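Enquirer: Handing you this structure, nothing more for now.
The values are calculated or read from the model by the stated rules, or taken from the named source; none is laboratory data. In this text, all values refer to a predicted model and were calculated from it rather than measured experimentally. Virtual Cβ from ideal backbone geometry, glycine too; neighbours counted across all protein chains shown.
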Amino acid sequence: MFLPAMLYVAALVGVPFVLAFLYSVGDVKVGSRGYHFVGLANFRSVFQNPAFFRALENSFIFTIASQVLVLVGATILALGLKDAFPGRRALRFLIVLPWVAPVSIGSIGWKWILDSLYSVINWVLIRLHLANQFSPPMWLGEPKLAMLSVILVHTWHMLLFATVILLAGMTSIPRDIPEAAEVDGAGFFRRLFQIEIPMMLPIINVAVLFGIVFTFTDMTVIYILTRGGPYDTTQVLPSLAFFTGILGSDLAEGAVISIFLVPMLVVVAWMMLRTASRAEVT
Amino acid sequence: MIGGLRARRRARAAVRWATLATFAVALAFPFYWMLITAFKRTGDLYDLKNSPFLFHEAPTLEHVRFLFRETLFLRWLGNTGLAGLAVVAITLLFATPAAYALARLTGRWGERIGIGVFLTYLVPPTLLFIPLSRIVARLGLQDSLGSIILVYPSFTIPFSIWLLMGFFKSIPRELEDAAMVDGLSRFQTFVQLVIPISLSGILTVVIFSFTLVMQEFVYALTFISSASHQTVGVGVPIYLVRGDVYYWGSLMAACLISSLPIAILYNVFLDRFIAGFTVGSVK
C-alpha cells in the first residue's frame, strides 16, 4: 500500500535528484533534448566565476549567523514560555506570526520597513540622533548592511520553529532534577547552563539541524529583499543557482551550483540519524 | 525568608514579562506595520514630516479597494484555493494508505522505510528545481497551476506519512483484530475504524498541505511565469510591484489579508504540526 506513495516521491524527488548530477556533467540546454557528457567542463566554468565563491562564503555566513541568533533567541523564548501564565496564548499568537505567514509575504513587509526613503527604522534613528538625516543607512543598498538585514529577517522567520521544538523538549525533562538543584542552592544561570541546557542537548541538536537545512537551502528572503544584490554581495548558493539556471537559462551551470548543497545535506542527514539512534538507545 | 522568596518570585515574573514582551513586539512589528500602511492615505504615507506611527489624515479603504478591483489579487486567492484543494486530495490519497501500511509493517523494514521517507523531506527545492523545470515542461505543465499541483505532493506526502504513522501506531492492534473477527475486511476496518479514530491527524495533514501551497515560493516562482496563474505567495511580492513602483498601501493590505487567516488556523494546530517534526527524535 505504500508503493504508490513511494513511486510518486521517487519520480519527483529521486529522479530530479539524479538528473541534477547528470546535468552538472552534461551539456543540457533549454529547448534541446540532446545530452552529451562533458566531464567537469561546467565545474571549471563555474569556478572561474568569482560570484560563485562569494555565494559559497555567503551561504556559510548566512547560515551560521542566523542559526546562532536563532538558537540564543529560541532558548530565551522557550524558557519564558514553558510554564503557563496569564496571557500566554495571546502572546504565543503574536510570536507565531512570523513563522506561519508566508515567508515571501513577511519579507515584503520588511522590504517596506527597510525602504531606502521611507524606512520607519531610519525615521526613529534620525529622531534619536543616531543617524544622519541626509545620509541615513541604506539597509538593502550597502553590502554589509544588506547581509545583516537578510540574516536578521531570516532569523525573525525561523525563530519560532526552533522555539517550539525546544519547548517540546523541555516538557520531556523531568521537573524534579532542576527543582532539586534549586533546593540545593544552585542559582538560575547555574541550573540553566549545567542542568537544563545539557539535558536538552539532543533536542537542541534537532532544532539546529533542521534550521541548518532550511537556511542553507533557502533563497526566499534574499530573493525578495535584495535579489542577491548589491553587486552579488548577498548572493547565496540557492539564489545564484536560480539566477544562473532558471533566469539565465544555463541549466548545466545552475545544476553545478545546486550540487554544492549536497555535502551539507549529507552531513546533516547523517547527524540526524545518529541523534535519533542515540535517543532510542537511552 | 518567605518574604524574600516571594519577592524573588515577583522579580522573576517581571523579568519574564519584560523579555517576552520585547520578543513579541519585535516579532509582530511587521504585521502591525502592514496594518498601519494598508489604511493610510497615500499623501500621509509618503510625507516624511509626519510621524509614521500615527494617522494624520483619516484612515482610508482606498488601497484595499484598489487591491481587489485593479489587481489580480482575487485571482491569486482563487488559484491558491484551487491548488490547495488538489494538493490536499492527492496527499491524502497517497499518504494515508502508505502511513497505515508502514505503521503495521513490523520489524526493521518498516522503520527503515520510515526513515527513508523522512530523509526525502530534507531534499530542498533549490536542488531539484532545475531538473524539475524540464520535467514540468516535458509534461506540458509549464506556466500552469498543474505544475505545482503535481510537484507539491512530493513534499507533503513524506511529511504526512511521517505524521500519520504516529497516529496509526497508537491504535491498539486488538481493536482492529476484533473488528475483523466481526467480519469486516481489512479495507473496511481501515475506512470504518482507523480513519475515524485518526481524524485529528488527518485534519492536521489537510491544514499542513493547504498552508504549504500558500507558503511555498521557490517552485511557484520557477514553474509559473505569467501573473494570472500565480498563487498568493508569489503574486503579491513579485507581481504587485510594477516596474520600480511599489504600491505600498495595497501591497501591505494584500500581505495582511493573506497571512492573518492562515496564522489563526495554524495557531490552533501548531502543537501537532511540531509533533510531526519531533516524533522521531524525542521519545
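Enquirer: Kindly indicate which of A:I76, A:I177, A:I126 is under 26 Å from B:M252 (Cβ atoms) and part of a helix (DSSP H, G or I).
Expert: Step by step, each of A:I76, A:I177, A:I126 is checked, and only A:I126 is under 26 Å from B:M252 (Cβ atoms) and part of a helix (DSSP H, G or I).
Enquirer: Among B:I161, B:I157, which is closer than 25 Å to B:I135 by Cβ and touching a Ser or Thr at 6+ places or on another chain (Cβ under 7 Å)?
Expert: B:I157
Enquirer: Here is a further query. Considering only residues of the stretch B:37-70 that are in contact (Cβ under 8 Å) with a residue 60 or more places away in the chain and within 10 Å of chain A (Cβ to nearest Cβ), which is surrounded by the most Cβ atoms within 10 Å (Cβ to Cβ)?
Expert: B:T37
Enquirer: I'd like to know if the stretch B:109-121 contains one or more residues that are in contact with a helix residue (DSSP H, G or I) (Cβ under 6 Å, 6 or more places away or on another chain), under 30 Å from B:G235 (Cα atoms) and assigned to a helix (DSSP H, G or I).
Expert: Scanning the stretch B:109-121, I find at least one residue that is in contact with a helix residue (DSSP H, G or I) (Cβ under 6 Å, 6 or more places away or on another chain), under 30 Å from B:G235 (Cα atoms) and assigned to a helix (DSSP H, G or I), so the answer is yes.
Enquirer: Going by the structure shown, is B:R6 touching a Pro at 6+ places or on another chain (Cβ under 9 Å) and more than 8 Å from every other protein chain (Cβ to nearest Cβ)?
Expert: Details: touching a Pro at 6+ places or on another chain (Cβ under 9 Å): no; more than 8 Å from every other protein chain (Cβ to nearest Cβ): yes.
Here the answer is no, as B:R6 does not meet what is asked.
Enquirer: Now, a different point. With respect to B:S225, is the statement that it is polar (S, T, N, Q) and buried (at least 24 other Cβ atoms within 10 Å of the Cβ) true?
Expert: Judged against the criteria, B:S225 is not a match.
Enquirer: Just checking, which of A:G211, A:G245 is assigned to a helix (DSSP H, G or I) and farther than 22 Å from B:Q215 by Cβ?
Expert: Details: A:G211 fails: farther than 22 Å from B:Q215 by Cβ.
A:G245 is the lone residue from the list that is assigned to a helix (DSSP H, G or I) and farther than 22 Å from B:Q215 by Cβ.
Enquirer: Further question: So how many residues does the stretch A:211-252 have that are hydrophobic (A, V, I, L, M, F, W, C) and in contact with a Pro (Cβ under 9 Å, 6 or more places away or on another chain)?
Expert: Final tally of qualifying residues: 7.
Enquirer: Name the residue that is nearest to A:G248 (Cα to Cα), counting only residues in the stretch A:23-40 that are surrounded by 15 or more Cβ atoms within 10 Å (Cβ to Cβ) and within 31 Å of the chain's Cα centre (by Cα).
Expert: Only one residue tops the list, namely A:V28.
Enquirer: If I filter the stretch A:208-243 down to residues being at the interface with chain B (Cβ under 9 Å from one of its Cβ atoms) and in contact with a Gly (Cβ under 8 Å, 6 or more places away or on another chain), which single residue comes out as nearest to B:F223 (Cα to Cα)?
Expert: Checked the stretch A:208-243; the qualifying residue nearest to B:F223 (Cα to Cα) is A:F242.
Enquirer: Looking for whichever is within 10 Å of chain A (Cβ to nearest Cβ) and more than 17 Å from the chain's Cα centre (by Cα) here; the options are B:R108, B:R112, B:R134. Which one fits? Please lay out each step first, then the result.
Expert: Values: B:R108 fails: within 10 Å of chain A (Cβ to nearest Cβ); B:R112 fails: within 10 Å of chain A (Cβ to nearest Cβ).
Of the residues listed, the single one that is within 10 Å of chain A (Cβ to nearest Cβ) and more than 17 Å from the chain's Cα centre (by Cα) is B:R134.
Enquirer: For a quick check of your reading of the model, give me the residue pairs whose first member lies in the stretch A:62-81 and is within 14 Å of chain B (Cβ to nearest Cβ), whose second is of a type in the set (G, A, S) and crowded, with 21+ Cβ neighbours inside 10 Å, with beta-carbon atoms closer than 7 Å and at least 6 apart or on different chains.
Expert: Close Cβ pairs satisfying both conditions: A:V70/A:A162; A:V70/A:G211; A:A74/A:A162; A:A74/A:A207.
Enquirer: On to the next question. Do the conditions hold for A:A241, that is, is it among the small types (G, A, S), modelled with pLDDT of 90 or more and in contact with a strand residue (DSSP E or B) (Cβ under 9 Å, 6 or more places away or on another chain)?
Expert: On the way: among the small types (G, A, S): yes; modelled with pLDDT of 90 or more: yes; in contact with a strand residue (DSSP E or B) (Cβ under 9 Å, 6 or more places away or on another chain): no.
Criteria not met by A:A241.
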